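The values are calculated or read from the model by the stated rules, or taken from the named source; none is laboratory data. Keep in mind the model is a prediction, meaning the values are calculated, not measured. As a convention, Cβ positions derive from the backbone with ideal geometry for all residues, glycine included, and neighbour counts pool all protein chains shown. All accessible areas refer to the heavy atoms of the entire protein, side chains included, with ligands and DNA or RNA removed. Shrake-Rupley method; radii C 1.70, N 1.55, O 1.52, S 1.80 Å.
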Amino acid sequence: MRLRVLDDGQRFVPRWMFKMMAAVSRRPAPDVLKVFMYRPGFFGQAFAGLTQDAMRGPSTWSVGQRELFAAYTSRLNQCPF
């Protein structure tokens, strides 16, 4: 289900940032980024902390290996990375 508010209900700065990203990359901003920016206190900060821990926290895997795993998983899920 796609929430229209994620496209139309953003504050000015995120809307501007998404337009700049689209102009540079020629692709719309990822939906997860739109959710992250729409309700940062509800979802964004917790998600950022979880992602930071998973991708940069202590691990036997290098940062590069974790990035490769994330890219491969995204590809399997047909999600542009």
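Out of the total accessible area of the chain (probe 1.4 Å, heavy atoms of protein only), what percent is carbon and sulfur?
It is 64 percent, rounded to a whole number.
Taking θ = phi - 60°, what integer Hz values does the Karplus form 6.51 cos²θ - 1.76 cosθ + 1.60 yield along the stretch 50-61, in sequence order, with x for Gly and Pro?
5, 5, 4, 4, 5, 8, 10, x, x, 6, 7, 8
Taking the simple approach of a point 7 Å from Cα along Cα-to-Cβ for both Trp16 and Val32, what is their distance in nm?
Between Trp16 and Val32, the simple spin-label model gives 2.7 nm.
Using a simple spin-label model with points 7 Å from Cα along the Cα→Cβ vector, what separation in nm is obtained for Asp7 and Trp61?
Between Asp7 and Trp61, the label points sit 3.4 nm apart.
Apply the a/c threshold of 1.5 to the C-alpha gyration tensor of the chain and tell me whether it is rounded, prolate or oblate.
On the way: a/c = 2.18, a/b = 1.57, b/c = 1.39.
Cα axes put the chain in the prolate bin.
For helix 12-25, what angle does its Cα long axis make with the longest principal axis of the chain, in degrees from 0 to 90 and rounded to 10?
Here the helix axis deviates by roughly 60 degrees.
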